[in-house]
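Please read the structure below before turning to the comments.
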Amino acid sequence: KNEVEQSPQNLTAQEGEFITINCSYSVGISALHWLQQHPGGGIVSLFMLSSGKKKHGRLIATINIQEKHSSLHITASHPRDSAVYICAPLTTGNQFYFGTGTSLTVIP
Amino acid sequence: EAQVTQNPRYLITVTGKKLTVTCSQNMNHEYMSWYRQDPGLGLRQIYYSMNVEVTDKGDVPEGYKVSRKEKRNFPLILESPSPNQTSLYFCASSLVLPGYTEAFFGQGTRLTVV
């Protein structure tokens with residue numbers, strides 16, 4: 001069963017491009033996290049949101065609770081943005097589900 | 001520096017030999033949790049704890065135990081490891097439920113069971 005679907009699975013972009021990663025989920029949630037995992041394996045939380053939109057530097061995350069969909073946007077992409085991006089909804093029962101991740105490569 | 005510390009980072013062990021992976025946070029967080037990450041399956045929650053002496057099963061708890069005797073520590077115990085528990089493990093913490101505050105992750109523990 002796949003409670004969380006991310007797309008695309010893999011993405012290659014030229015430096016400077018605008019990037020969108022999508023996340024759809026089927027469970028009822030209280031919030032959703034976007035995580036970034038670098039090649040070394042460490043995981044960093046980028047955003048936690050339960051409604052609307054959040055912006056941090058060149059990163060923007062949006063969520064539509066009714067449509068069960070969230071997006072992560074990267075403006076003016078840079079090679080250092082190359083990483084795996086993981087969508088992680090938190091259910092109303094306090095359980096995390098995770099997407100399998102989107103592997104992003106930004107080419108100079 | 002605010003951090004979640006896992007040890008060891010790498011571990012190779014044999015089937016059936018009990019092991020413990022430690023996790024410690026220095027942020028006075030109430031919520032702590034363990035995850036395993038496998039290729040093609042992504043991250044899956046093993047156990048979580050909402051406070052001292054309060055633990056609950058996640059998605060894949062079979063073969064694992066946890067304890068939360070102190071707020072800062074949340075060890076993951078494999079009583080009798082098997083090869084299907086070979087995986088990359090992450091510990092995470094947040095101030096309260098991660099639906100309300102940012103989550104912090106440890107650097108990961110790569111476990112191989114032979």
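Step by step: first the residues of region B:10-19, then only those that are of a type outside the set (A, V, I, L, M) and surrounded by fewer than 13 Cβ atoms within 10 Å (Cβ to Cβ), then the one that is nearest to the chain's Cα centre (by Cα). Which residue is that? Give the derivation first.
First, the residues of region B:10-19 that are of a type outside the set (A, V, I, L, M): B:10, B:13, B:15-18.
Keeping just the survivors that are surrounded by fewer than 13 Cβ atoms within 10 Å (Cβ to Cβ) gives B:10, B:15-18.
Details: B:Tyr10: 14, B:Thr15: 19, B:Gly16: 19, B:Lys17: 18, B:Lys18: 15 Å.
Among residues in region B:10-19 that are of a type outside the set (A, V, I, L, M) and surrounded by fewer than 13 Cβ atoms within 10 Å (Cβ to Cβ), the one nearest to the chain's Cα centre (by Cα) is B:Tyr10.
With the checklist (1) more than 8 Å from chain B (Cβ to nearest Cβ); (2) in a strand (DSSP E or B) in hand, flag the one item A:His33 doesn't pass.
(1)
Could you grab me the full set of residues in region B:57-72 that are of a type outside the set (Lys, Arg), surrounded by fewer than 15 Cβ atoms within 10 Å (Cβ to Cβ) and assigned to a strand (DSSP E or B)? Don't jump to the end; show me each part of the working.
Looking only at region B:57-72, we keep the residues that are of a type outside the set (Lys, Arg), and these are B:58-64, B:66-67, B:70.
Cutting the leftovers down to surrounded by fewer than 15 Cβ atoms within 10 Å (Cβ to Cβ) gives us B:62-63, B:70.
Passing the criteria: none in range.
Has region B:97-106 got at least one residue that is outside any strand (DSSP E or B) and among the polar types (S, T, N, Q)?
First, pick out the residues of region B:97-106 that are outside any strand (DSSP E or B): B:97-103, B:106.
Then keep just the ones that are among the polar types (S, T, N, Q); that gives B:101.
Yes, there is a match, as at least one residue in region B:97-106 is outside any strand (DSSP E or B) and among the polar types (S, T, N, Q).
Which residues, counting only those in region A:55-66, are more than 12 Å from the chain's Cα centre (by Cα) and in a strand (DSSP E or B)? Please lay out each step first, then the result.
Quick first cut of region A:55-66, residues more than 12 Å from the chain's Cα centre (by Cα) only: A:55-58, A:64-66.
Passing the criteria: A:Lys55, A:His56, A:Asn64.
So how many residues does region B:78-114 have that are among the aliphatic types (A, V, I, L, M) and open to solvent by 30 Å² or more (accessible area, probe 1.4 Å)?
Filtering region B:78-114 for residues among the aliphatic types (A, V, I, L, M) gives B:78, B:88, B:92, B:95-97, B:103, B:111, B:113-114.
Filter once more, keeping what is open to solvent by 30 Å² or more (accessible area, probe 1.4 Å): B:95-97, B:114.
Count: 4.
How many of the residues making up region A:83-95 are over 13 Å from the mean Cα position of the chain (by Cα) and open to solvent by 10 Å² or more (accessible area, probe 1.4 Å)? Please lay out each step first, then the result.
If we filter region A:83-95 for residues that are over 13 Å from the mean Cα position of the chain (by Cα), which is where we start, we get A:90-95.
Now restrict to residues that are open to solvent by 10 Å² or more (accessible area, probe 1.4 Å): A:91-95.
Number of matching residues: 5.
Could you check how many residues of region A:96-108 are more than 10 Å from chain B (Cβ to nearest Cβ) and either at pLDDT below 85 or surrounded by fewer than 18 Cβ atoms within 10 Å (Cβ to Cβ) (or both)? Before the answer, list the steps.
Keep residues of region A:96-108 that are more than 10 Å from chain B (Cβ to nearest Cβ), which gives A:102-108.
Restricting the remaining residues to those that are either at pLDDT below 85 or surrounded by fewer than 18 Cβ atoms within 10 Å (Cβ to Cβ) (or both) gives A:103, A:105, A:107-108.
Number of matching residues: 4.
State which residue is most open to solvent (accessible area, probe 1.4 Å) when the search covers only region A:10-29 and only residues that are modelled with pLDDT of 95 or more and assigned to a loop (DSSP other than H, G, I, E, B).
The extreme case among them is A:Phe18.
Being part of a loop (DSSP other than H, G, I, E, B) and of a type in the set (A, V, I, L, M): is that true of B:Met27 here?
On the way: part of a loop (DSSP other than H, G, I, E, B): yes; of a type in the set (A, V, I, L, M): yes.
For B:Met27, the condition - part of a loop (DSSP other than H, G, I, E, B) and of a type in the set (A, V, I, L, M) - is met.
Pick from B:Gln3, B:Gln107, B:Gln45: which is over 10 Å from the mean Cα position of the chain (by Cα), at the interface with chain A (Cβ under 8 Å from one of its Cβ atoms) and modelled with pLDDT under 95?
B:Gln107
Identify all residues within region B:58-92 that are touching a Lys or Arg at 6+ places or on another chain (Cβ under 9 Å), within 14 Å of another protein chain (Cβ to nearest Cβ) and either at positive phi or small (Gly, Ala, Ser) (or both); write none if there are none.
Result: B:Gly58, B:Ser87.
Any residue in region A:69-79 that is farther than 26 Å from A:Glu15 by Cα and modelled with pLDDT of 95 or more?
First, pick out the residues of region A:69-79 that are farther than 26 Å from A:Glu15 by Cα: A:69.
Narrowing the set further to residues that are modelled with pLDDT of 95 or more leaves A:69.
There is at least one residue in region A:69-79 that is farther than 26 Å from A:Glu15 by Cα and modelled with pLDDT of 95 or more.
Which pairs turn up if I take residues in region A:28-41 that are without any contact (Cβ under 8 Å) to a residue 24 or more places away in the chain and look for partners that are open to solvent by less than 30 Å² (accessible area, probe 1.4 Å) with beta carbon separation below 6 Å, at least 6 apart in sequence or on another chain?
Close Cβ pairs (under 6 Å, with a partner that is open to solvent by less than 30 Å² (accessible area, probe 1.4 Å)) amount to A:Gly41/B:Gly108.
The values are calculated or read from the model by the stated rules, or taken from the named source; none is laboratory data. On a predicted model such as this, the values are computed, not experimentally measured, just so you know. A quick note on method: Cβ atoms are made from the backbone with ideal geometry, for glycine too, and the neighbour counts reach across all protein chains shown. For the accessible areas, the whole protein counts, side chains as well, though only heavy atoms, and no ligand, DNA or RNA atoms are used. Shrake-Rupley method; radii C 1.70, N 1.55, O 1.52, S 1.80 Å.
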